[in-house]
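Each reported figure results from applying straightforward, stated rules to the coordinates on display, with no laboratory input. On a predicted model such as this, the values are computed, not experimentally measured, just so you know. As a convention, Cβ positions derive from the backbone with ideal geometry for all residues, glycine included, and neighbour counts pool all protein chains shown.
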Amino acid sequence: MEEETVFVLEIPYETIDFNGTEVNISELCCYNEITQYSNRMGEGCEDSLHDIASKYSTESSLDAIIKVCKNGSEKDIFDENKYEIIDDIEGYTSDHKCIKARLESKSKGIDFDLMSFNIEGLCRKPGNHSMFRKRLNNFCKTIDKKIRNGFILCIQELSLQNDESLKFADNTISLLTKNFLKKFPDVKSSADGYTGCVYYDSSVWTLRNTIDIERSGSKKKSNAYHFTCEGGEILVVNVHLKALLSTCTPGF
């Protein structure tokens, strides 16, 4: 990874009192950066409303990695936070770009990438196998050049929210796993049984527990993953919010 393509960003938003504990909330990636391009999701990948929206070429800041920790420098084990918006190497995977925060703790010996990618089901539906294969190949080419040992990758929209796409979810996981195994023999995944999934390097991380966070009125959920390693522990929450037609980086 070329150093000049990695940027330092940590924007403190707010310190709040959470049940008697002061908590600091800050953004690691990607404040006001464009990460989503609606014109990429035409071609019948989703429903007609998405196809109509794609014709307006809307660009938005929809993706972010937020850090929450106890207030005070002694409570934050990470010495260095850097981020990267991963441009597609060849073609594009979905209307979103993959985002990455590179976290390092010299005292704990922790150095890893926390990544988030909304892949919009890789446009997988009956009758468009060539489109799916094209986007799957783009995903692999993009990720393979930017992923390191010890990674945690949260995926949103592993499949689209319809029965036609959902029935392919397990097969999509198998295909992605097959690609990761070429470089990471200890890669593992955990899917939530619907559209969410996390991949991680189990040579570094042990997944201790998973908590499903239900969304009222929807089968879609967010997921909290409790990981531990030799240097400590981290709780990674894979959040999939309901996107607005016009939006920006969320505030608190």
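Here are the numbers for this structure:
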{"quantity": "DSSP loop trypsin sites (Lys or Arg not before Pro) with at most 10 other Cβ within 10 Å: longest gap in the chain", "calculated": "56-144"}
{"quantity": "Residues with amide H under 5 Å from that of residue 215, placed H, sequence gap 5 or more", "calculated": "222"}
{"quantity": "Sequence-distant lysines (8 or more away, or on other chains) whose Cα lies within less than 17 Å of residue 67", "calculated": "75, 82, 100"}
{"quantity": "Within straight-line cross-link reach of residue 167, lysines at Cα separation under 16 Å, skipping those fewer than 8 residues along the same chain", "calculated": "125, 219, 220"}
{"quantity": "Cross-link pairs 178/221; 97/134; 97/141; 97/221; 141/178; 145/178 - those with Cα-Cα distance over 18 Å", "calculated": "178/221; 97/221"}
{"quantity": "Cβ crowding within 10 Å averaged over residues, with 154-165, 11-22 ranked highest first", "calculated": "154-165, 11-22"}
{"quantity": "Highest-MSF residue in the chain out of 179, 128, 137 [GNM, Cα springs under 10 Å]", "calculated": "128"}
{"quantity": "Selected from 30, 9, 137, residue furthest toward positive end of dipole (the chain; charges at beta carbon)", "calculated": "137"}
{"quantity": "Ranked 129, 240, criterion: other C-beta atoms within 10 Å, fewest first", "calculated": "129, 240"}
{"quantity": "Relative contact order [Cα under 8 Å, 6+ residues apart], region 3-238, whole percent", "calculated": "13"}
{"quantity": "Spacing of the two label points (7 Å from each Cα toward its C-beta) at residue 13 and residue 235, in nm", "calculated": "1.6"}
{"quantity": "Mean ellipticity per residue at 222 nm, deg cm²/dmol - from DSSP H runs of n ≥ 4 across the chain, formula -39500 (n - 2.57)", "calculated": "-4500 deg cm²/dmol"}
{"quantity": "Cα Rg, Dmax, the chain, angstrom units", "calculated": "17.9, 55"}
